[in-house]
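The values are calculated or read from the model by the stated rules, or taken from the named source; none is laboratory data. On a predicted model such as this, the values are computed, not experimentally measured, just so you know. For neighbour counting, all protein chains shown are included, and Cβ atoms are generated from backbone atoms with ideal geometry for every residue, glycine included.
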Amino acid sequence: MAEGKQELTSRKGFLKYLSGFTIVAGLLGQVWMFLRSIVPNVLYEPLKKFKIGKPSVYADGLTFLPEERLYIVKRGGKFHAISAVCPHLGCTVKEYKLPAPQKVKLPNGKEITQEWEFHCPCHGSKYRGDGTIYDGPAPTNLPPWELSLSPDGSLVVDTNKEVDKKFRLET
């Protein structure tokens, strides 16, 4: 008889410890969730508007800024910015210098001269020098971003504002 009572006490003891452990684990979980709620959920992304330096540091032609994934085109005193992010899957497009300037007739009948193209190394999309897509799976053109001058004379790119392909900032 004492043997049966010993077994019952041991089972009760186990259930007591199990319920105590469950209560403590639940309380710790609540405390953890409270402390976690104090820390904000912040998505650390690069800034959408940023300075890229003075206009004098850019040579005529095309300049790639790898940190910003951006191409800056300078012709004389005129600048424009083209995204280097392929709209298909987000790969960085690479510039392809043409052996000689080419005259290209656009679907709207207009003719342009281009010295380079952009090619996506991931899935083969190809873009003209102004960012217009002409081959591949990408759904849209490379967006041209707004350029402006800051009060200190630096160029400022705003990747929240897409501009017309004809936009040029004169310095």
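Of these, VAL104, VAL57, which one is among the aliphatic types (A, V, I, L, M), in the same structural domain as PRO144 (by TED's automatic domain parsing) and closer than 23 Å to LEU169 by Cβ? Even if it seems obvious, please write down each step before you answer.
Details: VAL104 fails: closer than 23 Å to LEU169 by Cβ.
That would be VAL57, the only listed residue that is among the aliphatic types (A, V, I, L, M), in the same structural domain as PRO144 (by TED's automatic domain parsing) and closer than 23 Å to LEU169 by Cβ.
Check LEU98, LEU89 and return the single one that is part of a loop (DSSP other than H, G, I, E, B) and aliphatic (A, V, I, L, M). Walk me through how you get there before you give the answer.
Details: LEU98 fails: part of a loop (DSSP other than H, G, I, E, B).
It is LEU89.
Can you go through GLY90, GLY61, GLY77, GLY29 and tell me which one is without any contact (Cβ under 8 Å) to a residue 60 or more places away in the chain and more than 30 Å from CYS122 (Cα to Cα)? Break it down stepwise before answering.
Working: GLY90 fails: more than 30 Å from CYS122 (Cα to Cα); GLY61 fails: more than 30 Å from CYS122 (Cα to Cα); GLY77 fails: without any contact (Cβ under 8 Å) to a residue 60 or more places away in the chain.
Only one candidate qualifies: GLY29.
Would you mind finding the one in ASP158, ASP130 that is more than 18 Å from the chain's Cα centre (by Cα), surrounded by 16 or more Cβ atoms within 10 Å (Cβ to Cβ) and in contact (Cβ under 8 Å) with a residue 24 or more places away in the chain? If you could, list the steps in order and put the result at the bottom.
Working: ASP158 fails: more than 18 Å from the chain's Cα centre (by Cα).
On inspection, the qualifying residue turns out to be ASP130.
Just to be sure, is GLU95 surrounded by 10 or more Cβ atoms within 10 Å (Cβ to Cβ) and modelled with pLDDT of 85 or more? Break it down into steps so the answer makes sense when it comes.
Numbers: surrounded by 10 or more Cβ atoms within 10 Å (Cβ to Cβ): yes; modelled with pLDDT of 85 or more: yes.
So GLU95 passes the test.
Go through LEU43, LEU62 for me and flag whichever is aliphatic (A, V, I, L, M) and farther than 30 Å from ASP135 by Cα.
On the way: LEU62 fails: farther than 30 Å from ASP135 by Cα.
The conditions single out LEU43.
Of all residues being assigned to a loop (DSSP other than H, G, I, E, B) and in contact with a strand residue (DSSP E or B) (Cβ under 6 Å, 6 or more places away or on another chain) in region 42-85, which is surrounded by the most Cβ atoms within 10 Å (Cβ to Cβ)? Just the residue, please. Steps first, answer last, please.
Taking region 42-85 first, the residues assigned to a loop (DSSP other than H, G, I, E, B) are 42-48, 54, 58-60, 66-69, 76-77, 84.
Filter again for in contact with a strand residue (DSSP E or B) (Cβ under 6 Å, 6 or more places away or on another chain), leaving 48, 58, 60, 69, 77, 84.
Working: LYS48: 11, TYR58: 17, ASP60: 10, ARG69: 17, GLY77: 11, ALA84: 21.
Out of the qualifying residues, it is ALA84.
Quick check on PHE79: is it of a type outside the set (D, E, K, R), within 23 Å of LEU147 (Cβ to Cβ), at pLDDT 85 or above and touching a helix residue (DSSP H, G or I) at 6+ places or on another chain (Cβ under 7 Å)?
Working: of a type outside the set (D, E, K, R): yes; within 23 Å of LEU147 (Cβ to Cβ): yes; at pLDDT 85 or above: yes; touching a helix residue (DSSP H, G or I) at 6+ places or on another chain (Cβ under 7 Å): yes.
So PHE79 passes the test.
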